[in-house]
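Below you'll find the structure, written out as structure tokens, and then a few comments.
The values are calculated or read from the model by the stated rules, or taken from the named source; none is laboratory data. In this text the structure is predicted, and so the values were computed from the model without any measurement. Every residue, glycine as well, gets a Cβ built from its backbone with ideal geometry; the counts of neighbours run over all protein chains shown. For accessibility, only protein heavy atoms count, side chains too; no ligands or nucleic acids. Shrake-Rupley method; radii C 1.70, N 1.55, O 1.52, S 1.80 Å.
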Amino acid sequence: MKILTATEKPFAKEAVNGIKQIIEEAGYEFALLEKYTDKAQLLEAVKDADGLIIRSDKVTSEVVAAAENLKIVVRAGAGYDNVDLKACSDKNIVVMNTPGQNSNAVAELVIGMMIAVSRNCFTPGTGSEVSGKTLGIHAYGNVGRIAARYGKALGMTVYAYDPFIKDKAVFEKDGVIMAESPEELYSKCRFVSIHMPANEQTKKSINYSLLSLMPKGATLINTARKEVVDEESISRMFEERNDFRYAADIAPAIAAELKEKYPNRFLSTPKKMGAETAEANINAGLAAARQSVGFLKDGITKFKVN
Ligand code: NAD
């Protein structure tokens with residue numbers, strides 16, 4: 001059986017070597033397609049693959065149709081909005097992610113971005129400190145929990161809201177205050193960091209009605225997905241409030257305009273950088289290889305998302 005690793009944006013070398021080793025030790029064939037520039041290359045490479053390991057690569061219905069033997073797709077990372085789940089399910093292809101493997105990398109970027117925007121994006125002028133301020137964590141999953149811990153280590157008062165966690169004790173054991181609603185979270189917190197997946201419920205859900213509740217010095221940090229933030233609301237917030245700041249991991253469509261108009265209050269990465277550390281690469285890549293082998297050999301479906 002053949003497991004293809006197809007990454008437009010390659011894994012770190014050490015991760016590739018580890019993936020290869022895990023696949024070959026299991027007695028399977030390792031195939032690699034890196035830095036491909038044309039969808040046709042992926043369509044060709046996936047033809048005879050039984051397993052597929054990807055990063056942010058798009059697994060569309062076309063890719064699924066081309067993959068005649070495919071049984072499993074593992075997205076090395078947390079978000080799997082780049083995979084057409086229905087197309088996979090229709091062909092009985094199992095889809096998994098590797099939750100938790102890159103969370104620390106993303107949480108560290110949250111803190112880095114929060115400090116950078118608080119220092120006026122390193123433009124001249126007096127910045128402010130984050131210590132002693134309020135931090136709101138919107139969605140308390142793997143990344144949100146670590147960001148909360150780091151916020152506390154910086155001396156911040158940390159609140160969190162997650163619609164799927166109703167038990168206060170989950171937050172309290174981490175020294176985090178549970179907000180009862182998104183409105184409460186945004187009204188109480190000067191900094192809000194968002195960590196929900198991009199899906200039909202969350203797309204454009206971070207909008208003016210929530211952001212306008214934020215207190216003076218309102219700062220939004222988005223390392224989730226650009227789609228969850230309503231960009232018109234961001235423009236409106238910048239126009240109406242000269243205290244509003246926004247830091248985004250991956251430039252929104254309006255990035256050039258925001259950078260020009262508000263160079264000291266807006267920051268974005270040119271490419272998604274949250275999980276772009278050697279450690280996260282290795283952790284997620286190796287987990288993806290283990291999960292692929294575990295499924296093909298023993299039918300283990302832990303972390304299946306479809
Ligand atoms: P996770 O699955 O561990 O946590 C997601 C949390 O979101 C869960 O606690 C869940 O209850 C909550 N949630 C689900 N639906 C929600 C909703 N409608 N409103 C509010 N909360 C909701 O995922 P994670 O590892 O913490 O990652 C979070 C997101 O961050 C991912 O889905 C991904 O899109 C993004 N991410 C980005 C990078 C990057 O490179 N910037 C890397 C990893 C993850």
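Okay, which of region 187-222 sit inside 18 Å, backbone N to the point 7 Å along the Cα-Cβ direction of Asn242?
Hits in region 187-222 for Asn242 at 18 Å: 216-219.
From the phi of every residue in region 78-95, what ³J(HN,Hα) in whole Hz does the Karplus formula 6.51 cos²θ - 1.76 cosθ + 1.60 yield, where θ is phi - 60° and glycine or proline is x?
Taking θ as phi minus 60°, the curve returns 9, x, 10, 6, 8, 10, 6, 5, 5, 4, 5, 4, 4, 9, 6, 8, 7, 10 Hz for region 78-95.
Where only protein heavy atoms count, and the probe is 1.4 Å, what is the accessible area per residue for the chain in Å²? Can you show the working numbers first?
On the way: 13960 Å² over 306 residues.
Per residue, the chain has 46 Å² of solvent-accessible surface.
Given H placed on each backbone N at 1.01 Å, which residues far from Met273 in sequence or on other chains put an amide H within less than 5 Å of it?
Ile250
If you average the sequence gap of Cα pairs under 8 Å that are 6 or more apart and divide by the length of the chain, what percent do you get for the contact order? Working shown, then result.
On the way: 630 pairs, mean separation 62.1, N = 306.
For the chain, the relative contact order is 20 percent.
Choose one of Thr277, Ala67, Asn92: the residue whose Cα lies farthest towards the positive end of the charge dipole of the chain (beta-carbon charges +1 Lys, Arg; -1 Asp, Glu; about the Cα centre).
Thr277
Eigenvalues of the Cα gyration tensor times 5, then square-rooted: what semi-axes does that give for region 1-119, in whole angstrom, largest first? Please list the in-between numbers first.
Working: eigenvalues 154, 58, 36 Å².
Equivalent ellipsoid of region 1-119: 28, 17, 14 Å, largest first.
Out of all Cα-Cα pairs in region 60-143, roughly what percent, to the nearest whole number, are more than 23 Å apart? Don't skip to the end; give the middle numbers.
Details: 1688 of 3486 pairs.
Roughly 48 percent, rounded to a whole number.
Please give me, ordered by residue number, the trypsin sites (Lys or Arg not before Pro) of region 185-252 that lie in loop per DSSP and have at most 10 other Cβ atoms within 10 Å.
On the way: sites: Lys188, Arg190, Lys203, Lys204, Lys216, Arg225, Lys226, Arg236, Arg241, Arg245; in loops: Arg190, Lys203, Lys204, Lys216, Arg225, Arg241.
Sparse-neighbourhood loop trypsin sites (Lys or Arg not before Pro): Lys216.
Do any GluC sites (Glu not before Pro) in region 100-175 lie in a DSSP loop with no more than 15 other beta carbon atoms within 10 Å, and if so, which?
Values: sites: Glu108, Glu129, Glu172; in loops: Glu129.
Sparse-neighbourhood loop GluC sites (Glu not before Pro): Glu129.
In whole Å and largest first, what semi-axes does the C-alpha gyration tensor of region 217-306 yield when each eigenvalue is scaled by 5 and square-rooted? Present the calculation step by step, with values, prior to reporting the outcome.
Numbers: eigenvalues 292, 38, 19 Å².
Rounded to whole Å, the semi-axes are 38, 14, 10.
Two decimals is fine: what's Rg over Rh for the chain, C-alpha atoms, Kirkwood radius as Rh?
On the way: Rg = 20.5 Å, Rh = 20.3 Å.
Over the Cα atoms of the chain, Rg/Rh equals 1.01.
What does the charge dipole of the chain about its Cα centre add up to, to the nearest 20 debye, if the Cβ of each Lys and Arg holds +1 and the Cβ of each Asp and Glu holds -1? The partial results should precede the final answer.
Numbers: 40 positive and 39 negative charges, 122 e Å.
Dipole magnitude for the chain comes out near 580 debye.
For region 14-119, what % of the accessible area comes from carbon and sulfur atoms, probe 1.4 Å?
Details: 2110 of 4520 Å².
Within region 14-119, the accessible surface is 47 percent carbon and sulfur.
Estimate the FRET efficiency between Glu172 and Ala40 by the formula 1/(1 + (r/R0)^6), using the beta-carbon distance for r and 51 Å for R0, to the nearest 0.05.
Working: r = 53 Å, r/R0 = 1.04.
Calculated value: 0.45.
Please give the net charge around Tyr80, taking every other residue with its beta carbon less than 12 angstrom from that of Tyr80, where Lys and Arg add +1 and Asp and Glu add -1.
Details: positive: Arg55, Lys58, Arg75, Arg225, Lys304; negative: Asp57, Asp81, Asp84.
In short, +2.
Quick one: dipole size for region 245-306, taken about the Cα centre, charges +1 on Lys/Arg Cβ and -1 on Asp/Glu Cβ, in debye to the nearest 20. Each step should come with its number before you reach the end.
On the way: 10 positive and 6 negative charges, 28 e Å.
My answer is approximately 140 debye.
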